[in-house]
Amino acid sequence: MKKSILFLSLGLMIVLGVGLLWLSKGNTTQAESASNSLHPFDAINQKAKNARAGNRADAEELVGEVIHISDTENVLGGFTASSIKERVGRNESRYRLGQAQGIPEGKIVRTINGLAKKLNLPDYARTNSYEVRKLRLSLLPNFPQLINQKTQGSQPSTVGTKLDPQMSPAEAVFVLAMMIQQKMVNDEYQLTNSERLSKWKEAHNHHPKKPKKDDSQNPASNRNSEMRRALEIGANSTSISDALQLSNITLNTLGIEQ
Amino acid sequence: MKKITGISLAVLLAWSAAGFSCGGNNNTSNPNRGFDIQTQVQFPNGLVILQGGNAQGQFQSGPGTSGTVTSFNRNVNPGITTISGAKVPGVWRLAFGPAFFGDSCLTFVVENRNVSSGSLERLTCPGRFFGFTATADTIDAFNPPATVDITGSGSETLYGTPMIAFYNEFGNVVASTPANQLLYTDGAVSGVRVGVSDLSQVYDGIYSAVVHNVQADGTWEIVGSASVTVYGNPPPPPDPGGGGGGCEPQPQNQEQLPCDTYNTY
């Protein structure tokens, strides 16, 4: 019993963590078959489009793509994979049918920062609404059918309107997983609030004399490995009960109803 | 103790999207430890996504006191791949690129790395852009081109002219305009051309040009998005007093995201 609970917990965490790996089809088998199939980006866009009508099966298929394409299904085992697909898929379907609210961007912030606090990660592992918005805009070109898709057709985007801060459950899980990836490997996202502000100023400053950059001025240069070490420490200091609860709490915090 | 370690791994696995080695064997005394590689794709807009692909390596020089493997060439999954038995320490020529036509990598990248036992080598290739592309994609705010072509499939005129909305970095629409005309390649629609109006009031930044088809009911459907960089008109400095409590100070004269109390969570 304990084993199965652990497995379930572990599986949920994997999906949250590697959900976006469905993007990846790098192994030999996938490579061999890829020439005859859609690129994963296109496949996800197609499934997201199919799921828009609110059909439960289509919604689960969209979520299942997250699990399946990355080979995560092999890691999870059938039961765990299908339970996640069912939970998120059900929420996605209800959202599409107008029976449930969307997931606000703030839930991503809360979830990421909650994980960072729980695992005692460096300050640059935390995020904020600006960064979540930035990430969604970065994802938009490759995933136009998933990002910023409203329950009904989009109203004309006149000047002054904005990216909808409410996301579908599938988009929310996608964005969460992507943010985790960025926090782990992308210097652009491994910044504290003050560093983000400095970087913003620098990017928008066209004075002729720009300060010359070197490694000492680029604190993010070694943060990939620093994050790795911090996670090791954070994980080892997490109690058994906390670890078992974390996966469910993560989905709950994100606002994915059980 | 083993159980604790195992459960801790569950926590670590939450972060394995980054290819984080989940308590992997970093025992550098193991002569067959070799080293790890992690492959990823970086897109023009800065986004990094873990991707598989073709990874190759060739031992170049160095002590190589442990391990016997001096080369590898394999298609790898996202995440960590261990090159067991690799000759280390030493200089390795590492390459990462597309495993097949249409892969996420645009091209191969090759570089020499000083590799040690158990080290993690991140290999990044430039991403093949899957969305739309804009030409020109970099615009002087005070000397803009008359038009910009946004290429990508999916635009149609069945219920109206495609509409293009320009989002700033905060996700706010700063301009919205119909396409001037559709672009065709070999008889098929390959994109849209939009007129560029006065940009003197547009600040430096990266903007998302989002192309929509108009639906039968008048609503818009996104068909693609391209990035456009505007320069030459730096915005006023951010309000130094606008932050605090974990809320990000934002520049003046641009709508701010709500100050999110979650930021202090």
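The values are calculated or read from the model by the stated rules, or taken from the named source; none is laboratory data. Just so we're clear, the structure is a prediction, and the values are computed from it rather than from any experiment. FYI the Cβ positions are ideal-geometry reconstructions off the backbone, even for glycines, and counts take in every protein chain you see.
For every residue, the table says whether it meets (1) under 29 Å from B:PRO78 (Cα atoms); (2) at pLDDT 90 or above; (3) in contact with a Ser or Thr (Cβ under 6 Å, 6 or more places away or on another chain).
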site: A:LYS118; (1), (2), (3): yes, no, no
site: A:SER129; (1), (2), (3): yes, no, no
site: A:ARG136; (1), (2), (3): yes, yes, no
site: A:PRO141; (1), (2), (3): yes, no, yes
site: A:MET167; (1), (2), (3): yes, yes, no
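If you check B:PRO44, B:PRO63, B:PRO31, B:PRO98, which single one turns out to be more than 8 Å from every other protein chain (Cβ to nearest Cβ) and modelled with pLDDT of 90 or more? Before the answer, list the steps.
Working: B:PRO44 fails: modelled with pLDDT of 90 or more; B:PRO31 fails: modelled with pLDDT of 90 or more; B:PRO98 fails: modelled with pLDDT of 90 or more.
Unique residue meeting the criteria: B:PRO63.
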Next on the checklist: Filter the stretch B:44-71 down to the residues that are on the phi < 0 side of the Ramachandran plot, buried (at least 22 other Cβ atoms within 10 Å of the Cβ) and among the small types (Gly, Ala, Ser) and list them by number.
Outcome noted: B:GLY52, B:ALA55, B:GLY57
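Residues of the stretch A:116-135 being closer than 23 Å to A:ILE256 by Cα and either more than 7 Å from chain B (Cβ to nearest Cβ) or surrounded by fewer than 24 Cβ atoms within 10 Å (Cβ to Cβ) (or both), which ones? Steps first, answer last, please.
Pass one, the stretch A:116-135, residues closer than 23 Å to A:ILE256 by Cα: A:116-119, A:125-135.
Answer for the stretch A:116-135, where residues must be closer than 23 Å to A:ILE256 by Cα and either more than 7 Å from chain B (Cβ to nearest Cβ) or surrounded by fewer than 24 Cβ atoms within 10 Å (Cβ to Cβ) (or both): A:ALA116, A:LYS117, A:LYS118, A:LEU119, A:ALA125, A:ARG126, A:THR127, A:GLU131, A:VAL132, A:ARG133, A:LYS134, A:LEU135.
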Checklist entry - How many of the residues making up the stretch A:144-157 are surrounded by fewer than 23 Cβ atoms within 10 Å (Cβ to Cβ) and either more than 8 Å from chain B (Cβ to nearest Cβ) or modelled with pLDDT of 90 or more (or both)? => result 2
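Are any residues in the stretch B:75-84 under 17 Å from B:GLN51 (Cα atoms) and not in a strand (DSSP E or B), and if so, which ones? Give the derivation first.
So the first thing to find is which residues in the stretch B:75-84 are under 17 Å from B:GLN51 (Cα atoms), and the list is B:75-82.
If the condition is that a residue be under 17 Å from B:GLN51 (Cα atoms) and not in a strand (DSSP E or B), then B:ASN77, B:PRO78, B:GLY79 are the ones that fit.
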Item to check | Residue that is surrounded by the most Cβ atoms within 10 Å (Cβ to Cβ) [pool: residues in the stretch B:211-237 that are among the aliphatic types (A, V, I, L, M) and within 7 Å of another protein chain (Cβ to nearest Cβ)] | outcome: B:ALA226
Checklist entry - Does the stretch B:101-125 hold any residues that are closer than 19 Å to A:HIS39 by Cα and either away from chain A (no Cβ under 14 Å) or aromatic (Phe, Trp, Tyr) (or both), and which are they? => result B:PHE101, B:THR107, B:PHE108
Checklist entry - So which strands (runs of 3 or more DSSP E) are wholly in the stretch B:85-192 and hold at least 3 residues that are under 21 Å from A:GLN145 (Cβ atoms)? => result B:163-167
Next on the checklist: Against the condition touching a residue at least 60 places away in the same chain (Cβ under 8 Å) and more than 12 Å from the chain's Cα centre (by Cα), how does A:ASN193 come out, does it pass?
Outcome noted: yes
Checklist entry - Among the residues of the stretch A:188-205, which ones are of a type in the set (S, T, N, Q) and facing chain B (nearest Cβ under 7 Å)? => result A:ASN193, A:ASN205
Checklist outcome for this item: Across (1) farther than 23 Å from B:SER153 by Cβ; (2) at pLDDT below 50, A:SER35 clears everything bar (1)
Next on the checklist: As an exercise: evaluate B:VAL76 against (1) touching a Gly at 6+ places or on another chain (Cβ under 6 Å); (2) surrounded by 17 or more Cβ atoms within 10 Å (Cβ to Cβ); (3) in contact (Cβ under 8 Å) with a residue 40 or more places away in the chain and give the number of the one condition it does not meet.
Outcome noted: (3)
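Would you point out which residue out of B:VAL192, B:VAL173 is buried (at least 19 other Cβ atoms within 10 Å of the Cβ) and under 22 Å from A:HIS204 (Cβ atoms)?
Numbers: B:VAL192 fails: under 22 Å from A:HIS204 (Cβ atoms).
Selected residue: B:VAL173, the only one of B:VAL192, B:VAL173 that is buried (at least 19 other Cβ atoms within 10 Å of the Cβ) and under 22 Å from A:HIS204 (Cβ atoms).
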Checklist outcome for this item: The correct count of residues that are closer than 30 Å to A:TRP200 by Cβ, part of a helix (DSSP H, G or I) and at pLDDT 80 or above in the stretch A:237-258 is 2
Next on the checklist: Quick check on the stretch A:92-109: of everything there that is surrounded by fewer than 21 Cβ atoms within 10 Å (Cβ to Cβ) and touching a Pro at 6+ places or on another chain (Cβ under 9 Å), which residue is modelled with the lowest pLDDT?
Outcome noted: A:GLY106
Checklist entry - In the stretch B:102-129, which residues are aromatic (Phe, Trp, Tyr) and surrounded by 20 or more Cβ atoms within 10 Å (Cβ to Cβ)? => result none
